Each structure stands twice: as C-alpha cells, then as structure tokens.
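Asks: Before anything else, here's the structure in question.
Every number in this text was worked out from the coordinates using simple rules, so none of it is lab data. Predicted model only: the values in this text are computed from it and were never measured. Neighbour counts run over all protein chains shown; Cβ positions are idealised from the backbone, glycine included.
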Amino acid sequence: MFRTSLRQATLTSLTLGTLLHTTCAQEPEAKPPTQANPGQANPAQAKPAEANPAAGNAAQGLDLQGLPTFLLPVPGGTVLIGIDAADLVEVSSEALSPMRPANAPKQVDKFTTALRRTAAALGQKKVTVEPFLLAKWNVKCSEYETFVVHKRTLKQKVRPPFIWWRYGAKKDYESRLEDIAREFPKDPNGAVFYWERHGDELPYALVDERGKSIADQPVSFVSYKDAVEFAGWLGMRLPREAEWTRAARGDGSHRWPWGGAQQPDHYTEPMLRWLGIDGSAGQKPLPPGTVTNATGPFGHLDMFGRIFQLMGDLGYTPINGTEVFQSEWTALQKDKVGSILQSAPSWKYEKCIAKGGSYLSWQEPIQLLIDARAPMMTSDVLEGAGFRLAKSLKPGFDMTYSLVRGTYNRGSGAFAPDQELDEAAQLGTERYELGANGFPTAYHAFSFVPVQWLTSDKNGDLAKLLEKSHTQPLLIGTFATTEKMLAPNVEAGLYTVFYRKEGMPKELADAIKQGFKEVQAALKAKAKGGEEKAEDKEKEKDTKKGSWREVCSRYGITEADLEPKEAGNGLKFVRIDGVQIPTDNDCFLLHGPEGKMVAAVPGTNHHPATGAAFANALTFQKGEKVKSTVQLRLGIPVKSTDAKRVAEFHFQFHLDCDAPTAEVVWRMPAGAAAAPNKTK
C-alpha cells in the first residue's frame, strides 16, 4: 500500500533520515510544486470549481447554523461505485504501462499484482448518498494536537504521532536510545515498538527533522482507532466509502480524478505532474491546497494524491456486496487477460480501508483510481495515511458512530448473532462552541441508538422477554453523552443499555426466605454457643447448585444482606457487578467500557408495551430538581422478522448541563421538543 510504514521502516542505526523516504538531510528545502496549466500541459480537465456552501445549503434546505465552518456540504445524489471486469483489466494495464497498455500483461507478476490490489473494487452499483458535510481539508497536525493536549490535561493516555517525538523531540529521542536497545535488542524497529509501548509518556513538537513547523501539514502516523476517537471527540466521524466517492466523483462516472464528461478518462504519466507528485518537491506532506488540481468537484482540498484518507466503514469486504462482486469475478475469469488473476481477494472483516492515494502513489499509480481501496489493520500507523472528518445532519449521530467503532464494549456478548445497533433510528442533540477560526473549542451532545430488534425468535413475546430480564437483562441499545449524568452519578462516556423489569424471580424470593431463617438461626447460635460453634456451622454451608446460598450468590445477595431483621420481609434489590439494582421498579442498566454494569437508571411510569411502529421522540428541558432532563420515547421491533410491531420504552435521565436557552441553542432532531429557558 505504502512505500514506507512504521513496521517496514529501516531503523537499524536509529538515526535521522531512515524512517521517511522524503526526509533526506541533504535535500534542499523545496518550493511548492508548479501546477500544470489545465488548458495547456494537461488538457484532460479544467480546474475543479470551488464549492459555494451558501448556494448548496439553500438548494438542499440544509441548516448548518452552529456547525464548524471548515465543513463543506456534499449535495445528496446518486453515485456510481465500483468497476466492471473490463475496467479492471484496462486501468491495471494503463497504470502499469501507460505508453503501451497492451504490453502490460506481458509483465505477468506485476500485472497480476495490479489486478489483485484493485480487484476489491469489482462490481458496479449506483448508490444514493444523502446530503452530508465533509471537511474542506484533511485533519492538520495543529488540529490533532488539540486532542492530544486535551487528553493529557485530563491525565488520560494519548500517544502523539511517532514523528512528533522522533523528529520533534530529537534530544529526548536520542536520550532514550540505550533504553530502546535494552527493551528491543537488535530490533531494527525498536524505536517504533518503544513508541508504541511508551508513547503516552513521550514529549513532542510539531516540527520536522530540519526544525521546520509541520503544524499546517496533514497529520499522519495515526491509526484508525486514533482517528475515530478524535472524530468522536469532535462530534464527527470518518466518511463512509460511498460518501467519499460521491465527494470525489461528483455527478460524473469517471474512473480517474481528472476524468469527466469532456475529458479522456485514462491514466498517462503526465497526470503525475498534474497532481504534483512527479518530483521530490511534491512527494512529501504539504499544506492543504498547495496542489490545486487535487481539489474535488465540491471544493474539498487534497482529495487525490496527497494523503490516504481512512474511511469510516469497518471491514474489507466486496465494495458492493458479495453477489455483485461474484458476477464480475466470473466475467473476469472468462476474460483472456483478466483470468491471469486466479485468486479472489482475501476479505478481512477486522480491517478498514483508505482511499485517494498519497504523495507516494507515483510508485503505484493505480492507487489514484477513485474506486481503489487500500486495506489496513485498525492499529496500523503508516506514512502517508491520515483522515478527513465528515458529519451528517443528525445531531449526535456522528459522535456515537465514531465511538462504537473505537473501544466499544458490546456488553460481554449481550448482542445476539446478527443483532446490531439500528443507526438509522438514532436520536440525539448537540451543541458546538467554536473558536474564531471556526474550529470547535468544546462539544456537547448526547445520543441514543437502539438495537435493530429485541429477539430473533420467530415466536418472540415481549412479556416473556421482560420476565426473562430478571435473570438476563434485555439489551435495548447504546447511549453516549459528553455530559456528566446525575441521579445516578455517572461520568460522561459510552454505555451499552439494558432493561430490567421490576420484581425478582421466584427462585430468588424463595432463597431469600430460606436464607434469612438460616442466617438468623446462625446468629442466635453464635450468640449462645460462642465463636467455635458458629465456625462449625460455617463449615457446613451448602453451596451446591440450587441451594439458597448459590441462588443468592448469582444475584449478588450476601449473607450480610440477610442479617437485618427487615430482611424477613424480603429484599428490594439485586446486585450485578457489585452495583445495587432496585427491584421495586423498572430499571435501565448502564454497562460501561470496562465490561461491567456501572449504574441503574430508574424507569418511568410508562412500562414497556407492544404496539404499532412510531417515530422515536426526544424532549430536552430544564429539570425540576436538576439542571436538565432528557426524555426518550423509543420503539424497538420485538422480533427481527416484524418491524411493524414494536416495544415502547420510555428512557429518562438527568444531565449536569444547562437545558437549551434562547442564547444557547442546541441542535435537535426533526420533530424533537426543546423547552428553551429565557435568560434574564
């Protein structure tokens, strides 16, 4: 994929200039590459027109008030995604031998490699993309640093990109060479492994090996996991592949960035000059917009050939699904030339993909193909790989989208096979605080995403599911908030949400009764017969399955809970992971990132009931005894086979933040209710 990666870097001497191919100490400072005149040196395409955000917003009825200003709208529309078998042979031939494409298949090994690396794009399909927002530029080092500073201020672990330490903190790096050699003896990648292990403790600076600032350059050497965490922190996400393709291809169907209705859609070597990557001056990171011909059709800078951009989709799978891929794969195997490729791509669901090519793509021009896909592991940190932020128009959606693709704890196997979150049904609200440059200084939001359905059992019944929730709480969705919760006292974060019906199972009620009698008898015996007899009784405890002690233990009930006289009337709680759960009312349970239940949120007077499907609703207003209250009315299909019959849940929680006011406006979902409080 890339010429140089951290894993592949030659660091034998652990000295400067050995990691990045563009960082030769003797190389003179380069000026920005001179762009070809589209009307002369490269008549293939005119310069992309700058987008007009205001016109685009008005045309599509987009309300972007309060959103970061570096986001440009991408109009909704239909985009052609993928290539057919004939295209695959043609583009692979052009990229390998642009002067004589017909000769490319003679280089069997190289041609097979070109086919293999592009075959993941096989299978064409027109996809409808809703209007969305895409950052005008890829995330800059200076922007990513705000995240690093924020995390370190909160004493949270964060690892700055490798080169920020390697070159930005040269003296510190050199002072640790002995430690590196000791921890990773004779390992040429020792510095990288040391950074991976200790990166959150290392100093850094935004300068290159010459001491020149890289603050305005796109950030790289960040993993997918790093990128989605940063994006979620800002209430944004990485673009989906279809969205990125829409922003890169516009209303056309061309295969290469320079193609279009009036331009030849072929690859030739002058295209490298047109994108500024034909010489050393452009074969390195550059500030956004330096290469004007890399601009997309809607005004987005550096869409092509500057830095690979990570996509939000998880999974390296057929671009348009297995069925569409298989059809084109069959056609490829019937092609005299295409059949050179005998093995289909190896799909990896744990991988992510990057698109757009980079300043290193002059070595492998096929990467510049709009439909090209470069697979990466989510933990990979590579040269020339960064990311661009995207945002939907649904408040709070993007925060949750990013967080669940990061370090999301799915609730200890609570999800059933094929059960996922229903992101289309997400509900939330958000508010930005922006600096003078339009970049967020703070983000406030909360969001709830229900599961697609409650059970895959064709005979699933809500009453039975609720009754079963006494022993196995019912998974209903995921909740994310940037604000601290009150009553219960829970920190901001991402939580899996379960429901537990009021009451307790008969086996527990019976076990408590029996246990109370025995514990009380033991207490009396201890008082009369002394410690020795009490200890003898302890040795006789029955902990076999079904005994009262075993049953109580499963529900977190201890003998100490049965010692008070009041326990004779029964208990009104159970415990899960040490958290006390009331049993005299319905509860929503929050499962935290550490894999344990962390709190119980009391249910409302509205008990779950089955009914016809309805639109989910959110109300956000000032609370009676707390700062603010958010109420959700959710309809979740009971069975996976019937979306028309839903279980209605009412979820209410209190936040340690002010409700909307006339001056402090929160973005609300369509149809949501907010009760602004007019300030005096």
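Asks: How big is the Kirkwood radius of the range 239-301, worked out from every pair of different alpha carbons and given in Å to one decimal?
Replies: Values: mean 1/r = 0.0779 Å⁻¹.
Taking the inverse mean of 1/r over all distinct Cα pairs, the range 239-301 comes out at 12.8 Å.
Asks: Let me ask you something else. Please give, to one decimal in nm, the separation of the simple spin-label points placed at LEU434 and LYS506, each 7 Å out from Cα toward the Cβ.
Replies: 6.3 nm
Asks: Relative contact order of the chain, please, whole-number percent, based on alpha carbon pairs below 8 angstrom and at least 6 residues apart. Working shown, then result.
Replies: On the way: 1417 pairs, mean separation 90.0, N = 680.
RCO, the chain: 13 percent.
Asks: Additional query: Quick one: length gained pulling ARG100 to ALA612 fully straight, 0.36 nm per residue minus the C-alpha distance?
Replies: In short, 177.9 nm is gained.
Asks: Between rounded, prolate and oblate, where does the range 93-186 land on the alpha carbon gyration tensor, with a ≥ b ≥ c its root eigenvalues, rounded for a/c under 1.5, else prolate if a/b exceeds b/c?
Replies: Working: a/c = 3.26, a/b = 1.55, b/c = 2.10.
The shape class here is oblate.
Asks: Among the aspartates and glutamates, select those whose C-alpha is under 14 Å from the C-alpha of LYS565, and discard any that sit fewer than 8 residues away in the same chain.
Replies: GLU518
Asks: Taking the 0 to 90 degree range and rounding to the nearest ten, how far is the long axis of helix 322-334 tilted relative to the main principal axis of the chain, both from C-alpha atoms?
Replies: Relative to the chain, helix 322-334 is tipped by roughly 30 degrees.
Asks: Based only on other Cβ atoms within 10 Å, what is the fewest-to-most ordering of TRP244, TRP165? Could the numbers behind the result be given before it?
Replies: Details: TRP244 30, TRP165 23.
The order, fewest Cβ neighbours first, is TRP165, TRP244.
Asks: Which of the lysines could a cross-linker span from LYS106 if the Cα-Cα distance has to be under 20 Å and same-chain partners fewer than 8 positions apart are dropped?
Replies: Candidates past the 8-residue exclusion: LYS334, LYS336.
Asks: For the range 362-468, what does the alpha-carbon gyration tensor say about shape, rounded, prolate or oblate, given a ≥ b ≥ c as the root eigenvalues, a/c under 1.5 as rounded, and a/b over b/c as prolate?
Replies: Oblate, because a/c is 1.5 or more while a/b does not exceed b/c.
Asks: How far apart, in nm, are the 7 Å Cα→Cβ label points at LYS622 and GLU563?
Replies: It works out to 4.7 nm between the two label points.
Asks: Under 16 Å from the Cα of LYS136, which aspartates and glutamates turn up, not counting those fewer than eight places away in the same chain?
Replies: Here the aspartates and glutamates satisfying the reach criterion relative to LYS136 are GLU50, ASP216, GLU243, ASP302.
Asks: Sort 234-241, 68-75, 428-435 by packing, meaning the average of other beta carbons within 10 Å per residue, with the highest value first.
Replies: Highest mean packing first, the order is 234-241, 68-75, 428-435.
Asks: Here is a follow-up. So what's the back-of-envelope 222 nm ellipticity for the chain, counting only DSSP H runs of four-plus at -39500 (n - 2.57) apiece and dividing by all residues, rounded to 500?
Replies: -7000 deg cm²/dmol
Asks: Still on this structure, I have one more. Could you give the dipole magnitude of the chain about its Cα centre, charging the beta-carbon of Lys and Arg +1 and that of Asp and Glu -1, in debye to the nearest 20?
Replies: The calculated dipole for the chain is roughly 240 debye.
Asks: Still on this structure, please answer the following. Starting from a Cα-only point model with no solvent, please compute log10 I(q)/I(0) by Debye for the range 289-385 at q = 0.18, 0.22 1/Å.
Replies: Summing over Cα pairs of the range 289-385 leads to -0.96, -1.16.
Asks: Quick one: net charge of PHE147's neighbours, Cβ under 10 Å, K/R +1, D/E -1?
Replies: -2
Asks: Could you list VAL219, VAL148 in order of exposure, starting from the residue whose Cβ has the fewest other Cβ atoms within 10 Å?
Replies: VAL148, VAL219
Asks: Quickly work out the LYS212-to-THR78 label distance, labels modelled 7 Å from Cα along the C-beta direction, and quote it in nm with one decimal.
Replies: 4.7 nm
Asks: Could you work out the local net charge near SER223, counting Lys and Arg as +1, Asp and Glu as -1, over the other residues with Cβ closer than 11 Å to its Cβ?
Replies: -2
Asks: Kirkwood Rh over Cα pairs of the range 201-271 into Stokes-Einstein at 10 °C, 1.306 mPa s: D in µm²/s?
Replies: 99 µm²/s
Asks: A 18 angstrom limit on the alpha carbon distance is what I want to check against. Which of LYS458/LYS644; LYS501/LYS622; LYS151/LYS351; LYS484/LYS627 exceed it?
Replies: Long pairs (Cα-Cα over 18 Å): LYS501/LYS622; LYS151/LYS351.
Asks: Would you list ASP63, ASP200 from fewest to most Cβ contacts within 10 Å?
Replies: So the residues, fewest neighbours to most, are ASP63, ASP200.
Asks: Hey, another quick one. Note down the net charge around GLY356, summing +1 for each Lys or Arg and -1 for each Asp or Glu among other residues with Cβ under 9 Å from its Cβ.
Replies: Local net charge: +2.
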